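Here, each number is a calculation from the coordinates, and none is a lab measurement. Quick caveat: nothing in here was measured; it's all calculated off a predicted structure. Positions of Cβ are backbone-derived with ideal geometry, glycine not excepted, and every protein chain shown enters the neighbour counts.
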Amino acid sequence: MAEKLPFQKPVFISGEYGYHTFRIPAVIVSKEGTILAFCEGRRTSGSDHGDLDIVLRRSCDNGKTWTNPIIVYGEAGNITIGNPCPVVDQSTGTIWLPFCRDNNDVLITKSNDDGITWSEPIDITKDVKKSDWGWYATGPGVGIQIKYGPHKGRMVIPCDHREKMDDKWFMFSHVFYSDDAGKTWQLGGSVAIHTDECQLVELTDGRLLINMRNYWERTGGEAKKGDMRALSWSDDGGETWSELEFDEQLIEPICQASFIRYDKKLLLFSNPADKSNRINMTVRISCDEGESWPLSKSLYAGPSAYSCLTVLPDMSIGCLYECGEKSAYQTITFANFDLDWFSDKKE
């Protein structure tokens, strides 16, 4: 009998709704069970900079149907609004959405009605960015809320920035967080040099594990480490981070990736699994807190780039990812599958 393939549906198609290109997916499930799919709507070109808005579509039926897009936030003119990185406060149900203006200012908005309406953004730049930092990006992807231990309830947002050293700019991953249900936000720790876009999970031993886009080999760092993901751990809720390590199992062509916890036993990871090209969007499972990744399946073999995983109310898995036949940036597609898919269970 045939393998049960994932359900897949384009959610954002470049050229529709007045936008040239849609990029940078982020997906999260609200406390009400609604899937919220965010991305950047790029009005005039596919460029990372220009007239960009953050747009949102919602689904109440596991991704089968979607509402029309709404603009969560945009500004008139050639202003770049992007890098959505939502997180849900499980104690209140509030959906928080940090994002950036021109990769310089850090803003945050929230929704208390399941993503239907959004507050006027607040500028939190001075609280989460050092004055001598340059480029800054939240996510892209999602934040997490710590469930256990002394930092229970802390919402942590993964980010990256650039620092100037010896008249050259270098990239660093970092986080910021809130311990008071989003009333205030403060800067956490930075990871090692030559790291970039990142995602993180809470481990069962209480540590945080951050998984990062890696520029080491390509920017003068350690040789033969540039085609795999970089890792670091924190035992204080993201305030400090361990020395950098690399995961040879998680190859990458330099690209964003998604990294989430599925349940108490499993972690999930997705990215274009190739050392050179943005192709072959692959989802992997770890049963040992990220030490190994024995299960993997290719979701889409063709051009593919950024992705974002989420766990749906029925415990199936959602993946919102960039893909297309000729280019990875033709659509942002939502895929839905369950754990049986990884074991090649037939129907």
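Okay, here's what the table says:
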quantity: Per DSSP, loop chymotrypsin sites (Phe, Trp or Tyr not before Pro) in the range 140-232 with at most 16 further Cβ within 10 Å; calculated: Y148
quantity: H49 versus N104: modelled label distance in nm, points set 7 Å from Cα along the beta carbon direction; calculated: 1.0
quantity: Pairwise label distance in nanometres, E75 with D61, each label 7 Å out on the Cα-Cβ vector; calculated: 3.9
quantity: Packing-based ranking, highest mean first, of 133-146, 288-301 given that Cβ atoms within 10 Å are counted; calculated: 133-146, 288-301
quantity: Between the range 188-216 and the range 11-29, the Cα center-to-center distance that results, in Å; calculated: 27
quantity: At R0 = 22 Å, FRET efficiency that the Cβ-Cβ distance of D205 and L339 yields, to 0.05; calculated: 0.40
quantity: Within straight-line cross-link reach of K4, lysines at Cα separation under 22 Å, skipping those fewer than 8 residues along the same chain; calculated: K64, K297, K345, K346
quantity: Top positive-direction residue, dipole computed over the chain with Cβ charges, set T204, S119, I71; calculated: I71
quantity: Cα-centre dipole for the chain with unit charges at Cβ (Lys and Arg positive, Asp and Glu negative), debye to 20; calculated: 580
quantity: Of K9/K110; K31/K225; K164/K225; K129/K152, those spanning more than 32 Å from alpha-carbon to alpha-carbon; calculated: K31/K225
quantity: Length added when fully stretched, K9-D288, from 0.36 nm per residue minus Cα-Cα; calculated: 97.3 nm
quantity: Signed unit charges on C-beta, dipole axis of the range 7-343, positive-most listed residue I193, P140, F22; calculated: F22
quantity: If the convex hull is drawn through the Cα atoms of the range 7-343, its volume per residue in Å³; calculated: 126
quantity: Difference of contour (0.36 nm per residue) and Cα-Cα distance, W169 to T240; calculated: 23.4 nm
